[in-house]
Every structure is written in structure tokens, then in C-alpha cells.
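Colleague: To start, I am sharing the structure in question, which I have written as C-alpha cells.
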Amino acid sequence: MAIQRMDNVLIVVDDLDAVIAFFVELGMELEGKAPVEGRWVERVIGLDDVQQDIAMLRTPDGHGRVELAKFHRPKAIAAEPKDAPVNTLGMRRIMFAVDDIEGVIARLRSHGAELVGELEQYEDIYRLCYVRGPEGIIVGLAEQLG
């Protein structure tokens, strides 16, 4: 077997503390935050003179992780509009299973989140929505019914 597990998803951000607060409010746990620099990271990511701060967050079940990176050097570049629509090429969202979708939406709104579309029900199986958080990050929420 080639893959053992999916370890994490990286999101490059400008305001590391705001994005950490958003994901913590969602229910993720901050594992740690640290500066990263040196030749080893430069060789891994293919950039020179790297200085960044990273934060690792994990889901409550311990199986999913989101890594956040704030680049000080070289400066991060925008590859798309900040609020790109969900049909833009590339990674568009991360989906989380939640137990109270309306409660989660309300809590995330205190961090500036807005619904992308509407909260909808898919048959008698799920209630679903997309939420746009800090820096245009789109998070999908799914509450299983029944």
C-alpha cells in the first residue's frame, strides 16, 4: 500500500492569529505554533531564504489536521482573487462534519464568517453549507440527520 493516511492540508495565510481563532472556534485544537526557517525547509519547499511561522491544528478525533503557514520571507503571493468563487481551479474548501450546523455558523460569524450560498438539506441525509472565513478560506459544514 502506498498511502498510510492523509496527514494534513496546508493553508498559507497572512493573519495567522485570526485564522487560528477561526479554526479553534470551529472546534479544532491547536497542537502548536512555531517559527520555521533554515536550509532543510528551503530544500523541501523549493524556496530560498525562508522564514515562516506555522501552526498545526487537529480535529477532535485526532485524525485530521490543518497546517497554517505565515511567510515572512519570501513574501506570500496571491494566486487568485481573495474571495474566489467555489468553481475556481484548485483547492476550494475543506469539509467538516458537525453536530449542530446552525450553532457552528453562529459561532463562526463572530469571526467574520459568512455563508457562501445557503444552508440546505440534501434529502433526509445531511444539512450542508459553505462558509467563507478569514482570508477567503471556504469551509464546508455537514450535519448528518437521523
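The values are calculated or read from the model by the stated rules, or taken from the named source; none is laboratory data. No experiment lies behind these values; they were computed from the predicted model shown. Neighbour counts run over all protein chains shown; Cβ positions are idealised from the backbone, glycine included.
Colleague: Looking at (1) β-branched (Val, Ile, Thr); (2) touching a Lys or Arg at 6+ places or on another chain (Cβ under 7 Å); (3) at pLDDT 95 or above, which is the only condition residue 86 fails?
Modeller: Going through the list (1) β-branched (Val, Ile, Thr); (2) touching a Lys or Arg at 6+ places or on another chain (Cβ under 7 Å); (3) at pLDDT 95 or above, residue 86 breaks only (3).
Colleague: Now, a different point. Select from the stretch 108-127 the residues that are surrounded by 15 or more Cβ atoms within 10 Å (Cβ to Cβ), in contact (Cβ under 8 Å) with a residue 24 or more places away in the chain and over 26 Å from residue 78 (Cα atoms) and list them in ascending order. I'd like the intermediate steps shown before the answer.
Modeller: In the first step, residues of the stretch 108-127 are kept if they are surrounded by 15 or more Cβ atoms within 10 Å (Cβ to Cβ); the result is 108, 111, 113, 116, 119, 126-127.
Subsequent filtering for residues that are in contact (Cβ under 8 Å) with a residue 24 or more places away in the chain retains 108, 111, 113, 116, 127.
Within the stretch 108-127, just 127 meets the criteria.
Colleague: Give me the pairs, please: first residue somewhere in the stretch 66-88 and in a loop (DSSP other than H, G, I, E, B), second residue anywhere and among the aromatic types (Phe, Trp, Tyr), beta-carbon distance under 7 Å, and either six or more positions apart or on two chains.
Modeller: The qualifying pairs are 86/130.
Colleague: Give just the number: which of (1) in the same structural domain as residue 139 (by TED's automatic domain parsing); (2) among the charged types (D, E, K, R); (3) over 30 Å from residue 146 (Cα atoms) does residue 48 not satisfy?
Modeller: (1)
Colleague: Further, regarding this structure: Have a look at 60, 81 and point out the one that is at pLDDT below 95 and surrounded by fewer than 14 Cβ atoms within 10 Å (Cβ to Cβ).
Modeller: Details: 60 fails: at pLDDT below 95.
After applying the criteria, what remains is 81.
Colleague: What are the residues in the stretch 24-56 that are in contact (Cβ under 8 Å) with a residue 60 or more places away in the chain and in a helix (DSSP H, G or I), if any? Walk me through it before giving the result.
Modeller: Here is the first cut: in the stretch 24-56, the ones in contact (Cβ under 8 Å) with a residue 60 or more places away in the chain are 25-27.
Scanning the stretch 24-56 gives 25, 26.
Colleague: Could you please find all residues in the stretch 6-23 being part of a loop (DSSP other than H, G, I, E, B) and over 18 Å from residue 113 (Cβ atoms)?
Modeller: Our first condition is that a residue be part of a loop (DSSP other than H, G, I, E, B); within the stretch 6-23, this holds for 6-8, 13-15.
Listed by number, the residues that qualify are 6, 7, 8.
Colleague: Continuing with this model, one more query. Report whether or not residue 75 is over 14 Å from the mean Cα position of the chain (by Cα), under 17 Å from residue 134 (Cβ atoms) and basic (Lys, Arg). Full working, then the answer.
Modeller: Details: over 14 Å from the mean Cα position of the chain (by Cα): yes; under 17 Å from residue 134 (Cβ atoms): no; basic (Lys, Arg): yes.
No, not satisfied.
Colleague: If you check 102, 143, 135, which single one turns out to be surrounded by 12 or more Cβ atoms within 10 Å (Cβ to Cβ), more than 17 Å from the chain's Cα centre (by Cα) and part of a helix (DSSP H, G or I)?
Modeller: On the way: 143 fails: part of a helix (DSSP H, G or I); 135 fails: more than 17 Å from the chain's Cα centre (by Cα).
Result of the check over 102, 143, 135: 102.
Colleague: Among the residues of the stretch 89-99, count how many are aliphatic (A, V, I, L, M) and surrounded by 11 or more Cβ atoms within 10 Å (Cβ to Cβ). Quick ask: steps written out before the conclusion?
Modeller: Taking the stretch 89-99 first, the residues aliphatic (A, V, I, L, M) are 89, 91, 94-95, 97-98.
Okay, now just the ones that are also surrounded by 11 or more Cβ atoms within 10 Å (Cβ to Cβ), so 94-95, 97-98.
Number satisfying all stated conditions: 4.
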